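Asks: Mind looking over this structure? Questions follow.
The values are calculated or read from the model by the stated rules, or taken from the named source; none is laboratory data. Predicted model, so just to flag it, every value in this text is computed and none were measured. We place every Cβ from the backbone using ideal geometry, glycine too, and count neighbours over all the protein chains shown. Side chains included, ligands, DNA and RNA excluded: accessible areas come from the protein's heavy atoms. Shrake-Rupley method; radii C 1.70, N 1.55, O 1.52, S 1.80 Å.
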Amino acid sequence: MEYSQDNSLEILLSEEEIIARVSRLGEEISRDYANVDDLVLVSVLRGSVYFVVDLSRCLTVPFTLDFIGINKYGNTKDSMGIVRITKDLDVNISGKNVLLLEDIVDTGLTLNYLLKNLRTRNPLSIRVCIFLDMPGRRIVDVPVDYRGVEMQDVFVVGYGLDYQERYRNLKYIAALKKD
Ligand code: 5GP
């Protein structure tokens with residue numbers, strides 16, 4: 001069992017558990033895409049980078065890696081779900097098989113926006129792979145094809161997830177007690 005030195009953190013998923021789940025996802029995706037050409041992994045900046053680096057090294061199929069940067073406008077009722085693209089894809093995904101990779105899906109609003117946006121570019125297929133799923137907080141229903149871990153409704157940090165830009169580099173995932 002891992003313990004954090006920081007009293008505000010409660011470890012929920014250890015580094016070993018993360019590695020095991022990521023490699024299982026990698027096997028599943030490699031199997032499903034074994035006979036599929038033109039796979040493009042789309043990583044959502046910045047949180048998913050840690051996950052994507054680990055996952056991509058578990059894949060046994062060829063792929064192109066690209067990044068899309070987003071900024072969420074706010075957390076008020078009116079601004080929720082409004083997303084701005086801060087860095088667009090470099091790759092043209094028309095006619096390609098896209099696998100969208102996100103660190104966490106919570107309300108589903110960000111993923112919903114991204115899927116709508118990417119679909120307008122006429123990819124051959126789009127699937128979604130997320131590391132953490134919090135179905136209890138969902139506002140819009142979004143399709144999830146591959147999921148690492150389902151979690152209870154808590155604010156988590158680590159493995160790419162931040163709180164005010166802190167904690168991204170933790171090797172584990174922890175609940176953050178904000179007080
Ligand atoms: P959604 O649009 O599904 O509510 O949220 C997606 C984004 O919100 C994630 O990509 C992530 O940046 C942020 N987010 C949602 N829940 C959490 C959480 O528990 N911890 C952290 N650090 N970020 C979260």
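Asks: Taking region 17-46 on its own, how many of its residues are of a type in the set (S, T, N, Q) and within 16 Å of the ligand (Cβ to nearest atom)?
Replies: 1
Asks: In addition: Filter region 132-147 down to the residues that are within 22 Å of Arg24 (Cα to Cα) and more than 10 Å from the ligand (Cβ to nearest atom), then identify the one that is surrounded by the fewest Cβ atoms within 10 Å (Cβ to Cβ).
Replies: The qualifying residue surrounded by the fewest Cβ atoms within 10 Å (Cβ to Cβ) is Pro143.
Asks: Can you go through Asp90, Asp54 and tell me which one is open to solvent by 60 Å² or more (accessible area, probe 1.4 Å), more than 13 Å from the ligand (Cβ to nearest atom) and not in a strand (DSSP E or B)?
Replies: Only one candidate qualifies: Asp90.
Asks: Can you tell me which residue is most open to solvent (accessible area, probe 1.4 Å) among those in region 148-164 that are among the acidic types (Asp, Glu) and within 10 Å of the ligand (Cβ to nearest atom)?
Replies: Among residues in region 148-164 that are among the acidic types (Asp, Glu) and within 10 Å of the ligand (Cβ to nearest atom), the one most open to solvent (accessible area, probe 1.4 Å) is Asp153.
Every residue, every condition in (1) of a type in the set (S, T, N, Q); (2) without any contact (Cβ under 8 Å) to a residue 12 or more places away in the chain; (3) touching an Asp or Glu at 6+ places or on another chain (Cβ under 6 Å), yes or no:
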| site | (1), (2), (3) |
| --- | --- |
| Cys58 | no, no, no |
| Lys87 | no, no, no |
| Asn92 | yes, no, no |
| Lys116 | no, yes, no |
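Asks: Out of (1) at pLDDT 95 or above; (2) within 10 Å of the ligand (Cβ to nearest atom); (3) of a type outside the set (Lys, Arg), what's the single condition that is false for Gly95?
Replies: All conditions are met except number (2).
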